[in-house]
Amino acid sequence: MITSIAHVACQVRDVDAALHFYRDVLGFKESHRVHTPTGRLIICLWAGGETFLELLPGGTDGPEQAKDRAGYLHMGLWVDDIHATVRALQAQGFAQGCEPTLGGDGVWGVMISDLDGNQIELWQMTPESLPAQTIARVNPNVL
């Protein structure tokens with residue numbers, strides 16, 4: 001099932017300022033950039049080990065819907081077998097109608113919600129995925 005935290009996704013107002021803070025001040029390393037099928041940019045920063053930070057441009061300060069505000073969006077969790085994990089969750093009454101898909105970064109993923117509606121993205125790494133390539137460059141013994 002769950003093996004570790006994969007990432008935290010944050011929506012940011014100012015990408016350049018966020019990159020400066022996370023990359024230049026805190027020392028995260030930029031791993032890769034992905035455009036979603038809808039054209040949304042995701043900038044992935046490697047935090048160490050198997051953990052990443054996703055920065056998504058477009059956050060606002062206004063009274064817009066929560067999905068448009070700057071700040072935390074969701075947490076990602078690594079799983080060892082995404083299909084088995086989803087089936088186990090469905091057997092317990094969760095993740096109904098959820099089906100994993102293979103993303104453009106080579107990671108299997110599916111979004112679920114906790115009881116309060118907080119978004120959780122389950123991820124299963126593939127050897128050819130962009131996160132796996134980043135991890136292997138730094139520590140080939142991890143995977």
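The values are calculated or read from the model by the stated rules, or taken from the named source; none is laboratory data. Because the structure is a prediction, the values reported are computed rather than measured. Positions of Cβ are backbone-derived with ideal geometry, glycine not excepted, and every protein chain shown enters the neighbour counts. Accessible surface is based on the protein model in full, side chains and every heavy atom, while ligands, DNA and RNA are left aside. Shrake-Rupley method; radii C 1.70, N 1.55, O 1.52, S 1.80 Å.
Helical content of the chain, expressed as a calculated mean residue ellipticity at 222 nm, amounts to -4500 deg cm²/dmol (DSSP H runs of 4 or more residues, -39,500 (n - 2.57) each, divided by residue number, nearest 500).
Probing with 1.4 Å while keeping every protein chain in the model, the per residue accessible area of the chain equals 56 Å².
With the simple spin-label model, which puts each label point 7 Å out from Cα in the Cβ direction, the residue 4 to residue 20 separation comes to 3.2 nm. Surface calculation, 1.4 Å probe, protein heavy atoms: residue 72 sits at approximately 120 Å² accessible. Computed on protein heavy atoms with a 1.4 Å probe, the accessible areas place 46, 123 in the order 46, 123, largest first. Expressed to the nearest 5 percent, the antiparallel share of DSSP beta bridges inside the chain is 70 percent. When nucleic acids and ligands are ignored and a 1.4 Å probe is applied, residue 111 ends up with an accessible area of around 70 Å². Oblate is the label for segment 14-134, because a/c, from the alpha-carbon gyration tensor with a ≥ b ≥ c as root eigenvalues, is 1.5 or above and a/b does not exceed b/c. Quick one: which residues, 5+ away or cross-chain, put their amide H under 5 Å from the amide H of residue 103? H built at 1.01 Å from N. So residue 103 has HN proximity to 108, 109.
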